[in-house]
Amino acid sequence: MSNDLVDNKIKTRQVNLSVTGMTCSSCVGSVEKSLNKIVGVRAAVNLAMESAHIIAPLSVSEKDLIQAIKSAGYEASAFKGEGESFEKSNHLGVRLLITFIFTLPIIAISMIHSWHKELDKSLLSLIDYANDFLATFATSVTINYPIASISIWFVIFLSMRVVLVLAWPIHRAALKNIASPTMDTLVSLGSLIALGWSIYSLATYTSADGMPNVYAEVSAAVIFFVMLGRYLEHRAKRKAGSALAELFKLSAGEVEVQGVNGNIVIPIDQLQVGDVFVVKPGDRIATDGQVISGYSTINNAFLTGEVTPIEVGVDDLVFAGSINNNGNILVKATRIGSDTELARITRMVLAAQSEKAPAQQLADRISKVFVPSVLLLSIITFSAWYFTGAELVKSVTAAVAVLVIACPCALGLATPIALMVATGKAAKSGIVLRSPRSIEKAVGITDAVFDKTGTLTEGVMLVQDATVSTAAGAVLGRSFSEIVTPENIIASSQAIESLNNHPVAQSITRYALAHNASAPSIPSSSRPTYAVSDFSVTPGSGAAGRVSILSQSPVVLIGSPAAVAHSSTEFHSEIKAAVERGQAAGLTLAVLAWDGVALAVFAVGDQLKSDAAQTVSALVDMGITPWLVTGDSSEVAATVAQTVGIDAAHVISHALPETKLEIVERLKSEGHTVLM
């Protein structure tokens with residue numbers, strides 16, 4: 001999968017590949033090093049998703065990139081998305097479970113010596129049965145009892161399945177990197193030598209030797225714990241999610257373009273600047289452009305982080321990846337593939353993911369010398385023992401001990417478990433940690449920058465305030481006096497808005513349902529039906545329809561205050577006050593009118609989290625300065641900041657992603673440590 005991008009005035013594109021065969025950070029380093037050798041290429045490899053995300057010049061083909069990965073000893077193919085990561089995680093889980101089933105009895109039998117006598121008796125009886133079976137064929141072949149305890153041979157038998165079969169991916173990776181040893185080399189050598197020496201020790205054992213030198217349980221345990229560590233690490237990273245994977249989902253694969261002979265659907269990479277394309281309700285906008293016909297509301301959450309829809313009409317700009325909510329629009333393409341806002345954000349994320357945590361950088365440097373050093377130390381250990389008069393058994397035992405102890409159980413298990421604990425505790429508080437750097441940099445934080453939606457707020461549009469004025473309905477006359485009730489007014493809003501797919505309409509519908517708009521206390525025989533006829537939606541104005549309420553059928557209009565004011569009598573003082581209150585809070589307002597008389601105001605917006613103010617207060621008490629940097633309006637930003645306790649001097653509104661990045665970079669350049 002590839003998308004054209006522009007980087008530093010050199011035409012480049014982003015290429016995403018799946019990479020198989022990687023097992024550790026050393027493998028990631030090998031792949032990145034091989035790719036980055038190509039002139040103009042910048043690559044970031046994601047071990048958890050087994051993917052490589054590359055920015056490469058147009059002159060470098062995907063085939064060249066795949067060949068570079070293969071030259072490093074790995075396989076590569078077109079990236080299919082995070083589904084592959086999920087599949088990989090399942091395979092690791094099955095392999096880990098099977099390894100555990102074999103390893104548990106290995107360790108138990110090796111550690112609990114009281115089991116040996118009974119187990120020997122049972123296993124020897126099997127040999128007797130086998131000899132009796134062979135005797136029925138009048139053959140002279142018999143199976144002799146082993147000199148060493150047969151239970152130890154049984155442990156060896158189980159260990160061979162773990163070390164030779166289940167650990168094959170580790171051995172395969174070690175073979176691929178034989179020229180530049182990795183952590184897999186130590187795991188592979190340690191487990192194979194421990195198992196091999198155990199088999200040799202039992203094969204040459206005599207009754208005068210005492211206890212045989214067997215390390216089978218060590219070889220199996222090393223494999224199990226390394227696999228457990230990798231599984232936990234893989235699962236933790238996959239659960240944390242991939243920002244790149246989320247961005248990939250925003251890209252449209254096809255686009256419907258207006259042609260001379262009608263509309264045609266073409267692949268997105270064939271779209272040209274100046275082409276006019278159709279965007280239907282619910283569709284993602286294919287590329288950046290300018291609306292030339294139609295009216296709708298657009299969800300720009302991926303760009304600004306705000307859930308409040310943006311109204312767009314002729315001459316307004318729209319961006320690739322945004323969702324068209326409720327109207328058909330025609331858009332003229334102004335920027336394609338390489339220049340779109342979505343492509344630019346993807347580059348920013350790719351650059352961020354290329355950055356490694358300090359501990360990871362240190363581990364990469366250590367791994368280059370650690371494995372060769374351990375192998376050399378093991379040889380020196382053997383030589384020192386053997387050539388100073390020690391027996392071969394003791395010399396090999398000491399050398400194997402160095403390899404086994406050096407196997408990266410701590411590196412492969414302790415770090416992932418520490419991350420799991422940290423990410424788990426953070427997740428309970430609604431914080432997703434995408435990188436170990438977040439944990440390492442947490443010490444010494446001086447400033448906390450919030451982007452409002454989903455952090456200080458719930459990220460869902462809800463009715464924050466509803467004003468229903470029965471007094472305003474007095475001008476409708478005596479014939480309406482029986483039906484102008486809060487229940488009927490709210491129910492009429494549900495009747496109209498349930499037919500409208502605008503996000504504000506959906507919020508009002510949920511509010512009406514939650515407030516028992518159907519008035520169940522009214523006997524069913526006299527309960528209004530609220531049937532709707534003549535329903536229509538006018539983009540930019542609102543929705544209208546005739547609603548049947550007992551003996552009356554008023555025309556119900558719901559829309560913006562300005563639109564309803566054009567079609568109704570002067571607003572009642574209660575309605576005016578509600579509109580002014582909502583506008584001051586920066587909320588989205590919808591006014592409901594019956595037959596030209598405004599009866600209700602719904603103020604819709606994002607709801608603050610219950611612990612937002614408490615969180616900000618706690619940060620201030622810790623000496624951390626809170627900031628609010630949001631893509632929302634200045635009114636909304638000011639209201640939220642005042643509510644949660646953020647100083648007005650630290651509030652920035654109408655901020656795009658690059659604005660937020662600039663603010664963070666500025667704070668960092670001034671010596672601050674920033675939590676974003």
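Numerical summary
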read-out: Any chance residue 242 is under 31 Å from the mean Cα position of the chain (by Cα), at pLDDT below 75 and over 25 Å from residue 92 (Cβ atoms); value: no
read-out: Within region 288-309, tally of residues that are at pLDDT 75 or above, in contact with a Leu (Cβ under 7 Å, 6 or more places away or on another chain) and either open to solvent by 40 Å² or more (accessible area, probe 1.4 Å) or outside any strand (DSSP E or B) (or both); value: 3
read-out: Enumeration of residues in region 9-51 that are part of a loop (DSSP other than H, G, I, E, B), farther than 24 Å from residue 268 by Cβ, at pLDDT below 70 and more than 20 Å from the chain's Cα centre (by Cα); value: 23, 24
read-out: Residue list for region 370-395, restricted to those being modelled with pLDDT of 80 or more and open to solvent by less than 30 Å² (accessible area, probe 1.4 Å); value: 374, 378, 381, 390, 395
read-out: Selection within region 538-580 - open to solvent by 30 Å² or more (accessible area, probe 1.4 Å), over 16 Å from residue 595 (Cα atoms) and at pLDDT 90 or above; value: 573, 574, 576, 577, 580
read-out: Selection status of residue 82, closer than 20 Å to residue 343 by Cβ, among the charged types (D, E, K, R), surrounded by 13 or more Cβ atoms within 10 Å (Cβ to Cβ) and modelled with pLDDT under 85; value: yes
read-out: Unmet requirement for residue 180, which otherwise passes all of (1) surrounded by fewer than 17 Cβ atoms within 10 Å (Cβ to Cβ); (2) touching a residue at least 60 places away in the same chain (Cβ under 8 Å); (3) outside any helix (DSSP H, G or I); value: (1)
read-out: Scan of region 622-652 for residues that are closer than 15 Å to residue 457 by Cβ, free of Cβ contacts under 8 Å to residues at least 24 places away in the same chain and either touching a Phe, Trp or Tyr at 6+ places or on another chain (Cβ under 9 Å) or surrounded by fewer than 19 Cβ atoms within 10 Å (Cβ to Cβ) (or both), ordered by number; value: 642
read-out: Some residue of region 659-671 being in a helix (DSSP H, G or I), touching a residue at least 60 places away in the same chain (Cβ under 8 Å) and either touching a His at 6+ places or on another chain (Cβ under 8 Å) or open to solvent by 50 Å² or more (accessible area, probe 1.4 Å) (or both); value: yes
read-out: Selection status of residue 619, touching a strand residue (DSSP E or B) at 6+ places or on another chain (Cβ under 6 Å), among the aliphatic types (A, V, I, L, M) and open to solvent by 20 Å² or more (accessible area, probe 1.4 Å); value: yes
read-out: Tally of residues being open to solvent by 50 Å² or more (accessible area, probe 1.4 Å) and either modelled with pLDDT under 75 or over 16 Å from residue 164 (Cβ atoms) (or both) across region 193-229; value: 9
read-out: Condition met for residue 604 (out of contact with any strand residue (DSSP E or B) (no Cβ under 9 Å at 6 or more places or on another chain), among the β-branched types (Val, Ile, Thr) and either more than 29 Å from residue 676 (Cα to Cα) or crowded, with 23+ Cβ neighbours inside 10 Å (or both)); value: no
read-out: Close pairs from region 128-151: first under 14 Å from residue 203 (Cα atoms), partner assigned to a loop (DSSP other than H, G, I, E, B) and open to solvent by less than 60 Å² (accessible area, probe 1.4 Å), Cβ under 9 Å, at least 6 apart; value: 146/205; 147/205; 148/205; 148/212; 148/214; 149/212
read-out: Residue that is modelled with the lowest pLDDT, among those in region 581-600 that are closer than 21 Å to residue 638 by Cβ and assigned to a strand (DSSP E or B); value: 588
read-out: Filtered residues of region 446-501 (kept if assigned to a strand (DSSP E or B), of a type in the set (D, E, K, R) and either at pLDDT below 85 or open to solvent by 10 Å² or more (accessible area, probe 1.4 Å) (or both)); value: 458, 465
read-out: Flag for residue 92 being more than 27 Å from residue 223 (Cβ to Cβ) and modelled with pLDDT under 85; value: no
read-out: Count of residues meeting criterion [exposed (fewer than 13 other Cβ atoms within 10 Å of the Cβ) and either touching a Cys at 6+ places or on another chain (Cβ under 9 Å) or assigned to a helix (DSSP H, G or I) (or both)] in region 132-156; value: 3
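The values are calculated or read from the model by the stated rules, or taken from the named source; none is laboratory data. Fair warning: this is a prediction, and the values are worked out from it, not measured in the lab. When we count neighbours, we look across all protein chains shown, and the Cβ atoms used for this are built from the backbone with ideal geometry, even at glycine. The area values use the complete protein model at the heavy-atom level, side chains included, leaving out ligands, DNA and RNA. Shrake-Rupley method; radii C 1.70, N 1.55, O 1.52, S 1.80 Å.
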